[in-house]
Amino acid sequence: MRIALRARSSLHARTTSVCDTAGVSEVDRSAWFRWPQSYRERPPLPELAPYVSCVWVQEVAPDSPPFAFQAVPNGSVEVVCVLGGLPYVIGIQSGLTRELLAPGTVMVGVRFRPGAAAPVMRTSAGEMVDLTIGCDDLWRGSALPVGSLLAAAGSPQEAARVLEAEVLRRVRAATDLDPLVRSAVEMLVFDPANAVRALTTELHISDSQLRRRFMTAVGCPPKVLHRTLRFWGFLALAQSGPLRRRSLAALAGSAGYADQAHLARESVAITGVAPSELLAGIERNCGENHNHAPTYQPLLRARRRTLH
């Protein structure tokens, strides 16, 4: 999740990917930009749906100031490319990251569902935590051709399709998902208040075995993923139509927190700011130019049941 806020600490600039290449020819992108900055998600191809939650595009117009944003931990591995560079993989993040995007930046990304990246990357998710890894290290020489195709794309949407097609090619060659972890993740999404306590009983597995399989497939223990998804559920509810006018106390209860104070502590721990300040920053910087629907919709389906 990428949230626009005023920075409270130093930022690092991202103008190209972690693996720059001078040999990639680029197209003129001056006519691409509709907003000063934007972030928009769409659902993946149906064949990718068990593995991928969304495909996204983020842009900063050439005549705009640098754009500061915070990436809230999302429990997911992502394949990302800044057009003009090479694709790279971002492992799941254990804390908030802050970035500064230069004017003219166009990024595309594919976000895996929690627990779905490891068989595609052919490495443990636990070994990628808090790392940014050049795709050549995982894809054995295919990063440069993919980067060249992305740089030559005629639109951000075309670039996103190119990256999605490369991920699909690798999904087709991947081993199967861990069915137990997949079931556990679904329980955490759809039962934000009680799922962690029920996992071992429902899945007939010990705590230690479940934790070990989560560390391999997801990159964090079940309780950490539960905490992450619960906070996402709060953000989804807070930005969802009429629910935006609900009180923080009501939102906290619907998202699965014990009370508003519990939500406040978690918000400060995860984002560094109180919920009211967080939502004010989103209100200032995110409007029709930001679309998180594919991320929010599964979370909303579960949490809206608690509103009635």
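The values are calculated or read from the model by the stated rules, or taken from the named source; none is laboratory data. Bear in mind the structure is a predicted one, so any value in this text is a computation, not a measurement. With ideal geometry, Cβ positions are generated from the backbone for all residues, glycine too; neighbour counts draw on all protein chains shown.
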Problem - Among (1) more than 29 Å from residue 33 (Cα to Cα); (2) of a type in the set (A, V, I, L, M, F, W, C); (3) surrounded by fewer than 21 Cβ atoms within 10 Å (Cβ to Cβ), the one test that residue 286 misses - result: (1)
Fill in the blank from the handout: Scanning segment 251-308 residue by residue, those within 21 Å of residue 227 (Cβ to Cβ) and in a loop (DSSP other than H, G, I, E, B) turn out to be 256, 257, 258, 259, 272, 273, 274, 292
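Yes/no matrix, rows are residues, columns are (1) hydrophobic (A, V, I, L, M, F, W, C); (2) within 17 Å of residue 115 (Cα to Cα); (3) in contact with a Gly (Cβ under 9 Å, 6 or more places away or on another chain); (4) assigned by TED's automatic domain parsing to the domain that holds residue 293:
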position: 149; (1), (2), (3), (4): yes, no, no, no
position: 153; (1), (2), (3), (4): yes, no, no, no
position: 209; (1), (2), (3), (4): no, yes, no, yes
position: 214; (1), (2), (3), (4): yes, yes, yes, yes
position: 228; (1), (2), (3), (4): no, yes, yes, yes
position: 235; (1), (2), (3), (4): yes, no, no, yes
position: 240; (1), (2), (3), (4): no, no, no, yes
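Residue by residue, here is whether (1) of a type in the set (D, E, K, R); (2) in a helix (DSSP H, G or I); (3) over 21 Å from the mean Cα position of the chain (by Cα) holds:
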{"site": "115", "(1), (2), (3)": "no, no, no"}
{"site": "165", "(1), (2), (3)": "no, yes, no"}
{"site": "176", "(1), (2), (3)": "yes, no, yes"}
{"site": "187", "(1), (2), (3)": "no, yes, no"}
{"site": "192", "(1), (2), (3)": "no, no, no"}
{"site": "200", "(1), (2), (3)": "no, yes, yes"}
{"site": "210", "(1), (2), (3)": "no, yes, yes"}
{"site": "215", "(1), (2), (3)": "no, yes, no"}
Practice task
Would you be able to say whether some residue in segment 50-66 is in contact with a strand residue (DSSP E or B) (Cβ under 8 Å, 6 or more places away or on another chain), touching a residue at least 40 places away in the same chain (Cβ under 8 Å), of a type in the set (Phe, Trp, Tyr) and not in a strand (DSSP E or B)?
Solution key: yes
Problem - Hits in segment 109-143 - residues which are at positive phi and touching a helix residue (DSSP H, G or I) at 6+ places or on another chain (Cβ under 7 Å) - result: 115
